[in-house]
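First comes the structure, then the notes that go with it.
The values are calculated or read from the model by the stated rules, or taken from the named source; none is laboratory data. Predicted model only: the values in this text are computed from it and were never measured. No Cβ is skipped: glycine too gets one built from the backbone with ideal geometry, and neighbour counts run over all protein chains shown.
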């Protein structure tokens, strides 16, 4: 079983664009690809877990979602092992929609992941709640909507995905030497 980092997409891995439907609007957070590559070299799985109610609302087509996703993967040098999205629209939601852990459970099953060595990184309270509901440490980044969710109970608040991943790498490196 592999250790894993679960990552929100919009506002965490890429700049926030409300209901992003155009690949031209995708801007990966600078430095993210390099840190993700480093984690993968260390044997970690990188998994996107994202709510995409824009699909369920009819604001984003599946083709548009897939084009945005493909552009993000390109900008991240394809350093992602899996991606899961939930198109549920509140109030009609399933356990897959964050803060539910259905997408994490699917990834664990599909990719053979070890939740005893996992983290969740996102820019909203629901991301932190999702990580905690799965029993893993959760990091809030200040990018995207993060500044609106400070003090939400995250195990760490980080400037951006780069600082969050640096903390995970340092924590795991120190922990493996103990």
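Residues of the stretch 102-113 that are assigned to a helix (DSSP H, G or I) and either touching a residue at least 40 places away in the same chain (Cβ under 8 Å) or touching a strand residue (DSSP E or B) at 6+ places or on another chain (Cβ under 7 Å) (or both): 103, 104, 106, 107, 108, 110, 111. The residue pairs whose first member lies in the stretch 119-141 and is at positive phi and free of Cβ contacts under 8 Å to residues at least 12 places away in the same chain, whose second member is part of a loop (DSSP other than H, G, I, E, B) and surrounded by 24 or more Cβ atoms within 10 Å (Cβ to Cβ), and whose beta carbons are closer than 9 Å, counting only pairs six or more residues apart or on different chains, do not exist in this structure.
Within the stretch 65-97, being in a loop (DSSP other than H, G, I, E, B) and farther than 24 Å from residue 169 by Cβ holds for 87, 88, 90, 91, 93, 94, 95, 96, 97.
Can you confirm whether residue 116 is assigned to a strand (DSSP E or B) and over 15 Å from residue 46 (Cβ atoms)? Against the criterion (assigned to a strand (DSSP E or B) and over 15 Å from residue 46 (Cβ atoms)), residue 116 qualifies. For the condition surrounded by fewer than 17 Cβ atoms within 10 Å (Cβ to Cβ) and either touching a helix residue (DSSP H, G or I) at 6+ places or on another chain (Cβ under 6 Å) or in contact (Cβ under 8 Å) with a residue 40 or more places away in the chain (or both), residue 91 does not qualify.
What about residue 63, is it modelled with pLDDT of 95 or more, buried (at least 18 other Cβ atoms within 10 Å of the Cβ) and over 16 Å from the mean Cα position of the chain (by Cα)? Judged against the criteria, residue 63 is not a match.
Restricting 95, 23, 3, 99 to those that are within 14 Å of the chain's Cα centre (by Cα) and modelled with pLDDT of 95 or more reduces the list to 99. Just so you know, in the stretch 98-121 the residues that are closer than 22 Å to residue 10 by Cα and in contact with a helix residue (DSSP H, G or I) (Cβ under 8 Å, 6 or more places away or on another chain) include one that is surrounded by the fewest Cβ atoms within 10 Å (Cβ to Cβ), and it is 99.
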